[in-house]
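Below is one structure, written out as structure tokens; the observations come after it.
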Amino acid sequence: MEIITSIKQLQHKSISWIRQGKSIGFVPTMGYLHEGHEALMKKARQENDIVILSIFVNPLQFGENEDLDSYPRDEEHDRKVAEENEVDVIFFPSVDSMYPKRLSLELSVVRRADVLCGKSRPGHFDGVVTVLAKLFNIIHPTRVYFGMKDAQQIAVVDALIEDFNYPIDLVAVPTVREEDGLAKSSRNVNLFDQERVGAPSIHQALQYGRQLVENGEKSKSELIKKVRQFLENKSHGNIDYIELLAYPKLELIEFIDQQVILAVAVYYQKARLIDNVVFNEKGDKTLG
């Protein structure tokens, strides 16, 4: 495994691999790797000749009330995890190398960003697509890998690839879960015992909503009402949102007649957990 910090060095290597006919799988992260990231690396390893993992805490996607400096970092741990998952290259650029001067051009996400978690994080996805546009031009990946736990990010990346004609396949990897169905997250350790007991109800509520559609429910308002009642009876947290939207366009709908995402966010005392399920108008799970 090789660790590269130079943009030009990685560009030259990537172009060389492409000329040799090799496929490149790319896993973009901000480090502090966990089992969700490992699932992405494993999938990339299965499907590509070369696997590149980037670790870059991108300042552009942090808002005014979000502390960039306190974002968790553990480079030694990340290197060990990457090596165990047979990554070929870790790209470890500095902020100064990625943004040596103020950008003359700025990317702005005008659709798919002002709903779900993006509603409370204005500008976040502008930062995401900006850094990804740079990384795509540095690495020239064949495929890029994201976890379905952050389905809104996948929808935004899908738009970036489509709108800017990147010749990249977007691979959505299923959410990694605990045995009781709770989506794996570094935030889970912040749950108190009683909260942890009730937290799997988030996933249960999503499956309940999907089953309602499977049994014939087509009304968005009725579905959300029933899922909310289910969650309020079982969870020890405060519901931030329960939303159902067309997917991946993330557009408002009133009736379920296409592929949709049912997404939930719940506040606990020291953590905010998110989860989702994507299914079609028949209630069949289609992604993740």
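Every number in this text was worked out from the coordinates using simple rules, so none of it is lab data. Since this is a predicted model, take the numbers as computed values, not measurements. Counting neighbours? That spans all protein chains shown, and the Cβs are built from the backbone with ideal geometry, glycine included.
Rounded if a/c is under 1.5, else prolate if a/b beats b/c, else oblate: with a ≥ b ≥ c from the C-alpha gyration tensor eigenvalues square-rooted, which is the range 98-207? Since a/c reaches 1.5 and a/b is larger than b/c, the shape of the range 98-207 is classed as prolate.
For the range 194-249, treating each Cα as an identical point scatterer without solvent, what Debye log10 I(q)/I(0) comes out at q = 0.13 1/Å? The calculated log intensity ratios at q = 0.13 Å⁻¹ are -0.33.
Filter K119/K234; K149/K249; K184/K282; K225/K270; K184/K270 down to the pairs with a C-alpha to C-alpha distance above 20 Å, please.
Details: K119/K234 26 Å; K149/K249 17 Å; K184/K282 28 Å; K225/K270 26 Å; K184/K270 16 Å.
Too far apart for the 20 Å limit: K119/K234; K184/K282; K225/K270.
Entry for the chain at q = 0.10, 0.12, 0.14, 0.15 Å⁻¹: log10 I(q)/I(0) = -0.56, -0.81, -1.09, -1.23, Debye formula applied to identical alpha-carbon scatterers, no solvent contribution.
Looking at the range 210-239, which trypsin sites (Lys or Arg not before Pro) are DSSP coil and have at most 15 other C-beta atoms within 10 Å of their C-beta? Present the calculation step by step, with values, prior to reporting the outcome.
On the way: sites: R210, K218, K220, K225, K226, R228, K234; in loops: K218.
Loop-located and lightly packed - K218.
Taking the Cα centre of the range 2-173 as origin and assigning +1 to Lys and Arg Cβ atoms and -1 to Asp and Glu Cβ atoms, the resulting dipole is close to 540 debye.
Per-residue Karplus couplings for the range 205-222, computed as 6.51 cos²θ - 1.76 cosθ + 1.60 with θ equal to phi - 60°, are listed in order as 5, 5, 5, 4, x, 5, 5, 4, 5, 4, 8, x, 5, 10, 8, 4, 4, 5 Hz, Gly and Pro entered as x.
Candidate cross-link partners of K80 among the aspartates and glutamates, defined by an alpha-carbon separation under 17 Å and a same-chain spacing of 8 or more, comprise E2, E35, E38, D88. Backbone amide hydrogens, once placed in the peptide plane, bring I3 within less than 5 Å of I90, excluding anything fewer than 5 places away on its chain.
Once the GluC sites (Glu not before Pro) in DSSP loops with at most 14 neighbouring Cβ atoms within 10 Å are cut out of the chain, the longest remaining piece is 107-178. Placing unit charges on each Cβ (+1 for Lys and Arg, -1 for Asp and Glu) gives the chain a dipole about its Cα centre, and among G181, V213, S235 the Cα reaching farthest toward its positive end belongs to V213. Between amide H atoms placed 1.01 Å from N, distances below 5 Å from R177 occur with K184, all of them 5 or more places distant or on a separate chain.
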